[in-house]
Amino acid sequence: MSSSLAIPATIPARVAAPSWPAGLGRLTFRLLLVVAYAIIFAPIVTVMIVSVFDQEIVSVPPPGLTLKWYANAWLQRDFARGFVTSCQIAAMATLIGVPFGTLAALGIARGRFWGREALNTFLLAPLAVPAIVAGSALYLFYVSAENVLDIDIKGTLGGLVAANVLLTIPWTVRLVGASLAGLDRSAEEAAANLGARPGTVFRRVTLPMMRPGIVAATLFSFVSSFENLELNLLLVGPGRTTLPVAMLSYLEFRMDPTLAAVAAVQITIIAAMMLITDRFVKLSRVV
């Protein structure tokens, strides 16, 4: 009886698919990311460089570098008064808008009532309205209110703070609402099951978890109010001018790197605030 040896069929090796499309995709993504960052940071870097140019008329390459424009900005009393006024308005608008915006965001996120989505849209609407349009509308409203009430509103600290609250509340509703949307309610439910009262649950559990959103809302509300030009342009008065308006007034008569020096200081202060805030509260969680 003859036995035949079975010769196994040769299995062709699987040809590995070329990996160059995936590598090309990653390379393209990184290049686009670099371009995006370059577009974002190019104006900031340009302002910082121009602020130390030696001559008034900007030319490349500069004939020299100097810090005299920072000294000139320090000597401009309008900038100092505008800085103080901007800080006052931004601080007061933030102190008013953040608590009310936090309560509104909490009610919208946790409440179940008719018109909840409409209320959320209404509170966020000022972010979609161009600031110059909102400033013009507020100016006309203040003029009409002054005629009826026979009191000064435009050009006063109260009128400017009330106008800037329209910026701080939408920012707070947006950021705190985003923070609430990502919260895990199991800790709150566990505290309630263990016998904690609703006020205790909110104070000991909910509020600490909301802290990143509240801190981010405070920071962005202050910055947006401090840097606002269009909204405050028509509402300022003699002796009460914000820093952006003072910078615009300076630009009407002179054009030198002094404004770049003022802007560089503002960029440095705001960047320091954001870095310090992010050190203790991760802004990336809600922003």
In degrees, nearest ten, helix 258-280 long axis to first principal axis of the chain (Cα):
50
Mean-position separation - Cα centroids, the range 34-82 and the range 203-232, in angstrom:
29
Theoretical ellipticity at 222 nm over the chain - DSSP helices of four or more residues, -39500 (n - 2.57) apiece, nearest 500:
-23500 deg cm²/dmol
Using a Gaussian network model of the chain whose springs link C-alpha atoms within less than 10 Å, name the residue from 149, 275, 32 with the highest mean-square fluctuation.
32
Under a 1.4 Å probe, counting only protein heavy atoms, residue 151 has an accessible area in Å², nearest 10, of 90
Any idea what angle helix 207-226 forms with the longest principal axis of the chain, computed on alpha-carbon atoms, 0 to 90 degrees, nearest 10?
50
If one builds a Gaussian network model of the chain from Cα atoms under 10 Å apart, the most fluctuating residue listed among 173, 265, 165 is 265
The range 34-113, dipole about Cα centre (Lys/Arg Cβ +1, Asp/Glu Cβ -1), debye to the nearest 20
460
Cα-centre dipole for the chain with unit charges at Cβ (Lys and Arg positive, Asp and Glu negative), debye to 20:
1160
Which is the longest run of the chain containing none of the trypsin sites (Lys or Arg not before Pro) found in DSSP loop states (not H, G, I, E, B) with at most 14 other C-beta atoms within 10 Å?
15-111
Estimated inter-spin distance, residue 44 and residue 200, nm [label 7 Å along Cα→Cβ]
4.6
On a 0 to 90 degree scale, rounded to 10, what angle separates helix 131-149 from the longest Cα axis of the chain?
40
Using a Gaussian network model of the chain whose springs link C-alpha atoms within less than 10 Å, name the residue from 217, 190, 162 with the highest mean-square fluctuation.
190
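The values are calculated or read from the model by the stated rules, or taken from the named source; none is laboratory data. Note that the coordinates shown come from a computational prediction; the quantities given were computed from them, not determined experimentally. Note that each Cβ is placed from the backbone with ideal geometry, even for glycine, and that neighbours are counted across all protein chains shown. Surface areas here come from the heavy atoms of the whole protein model, side chains and all, with no ligands, DNA or RNA. Shrake-Rupley method; radii C 1.70, N 1.55, O 1.52, S 1.80 Å.
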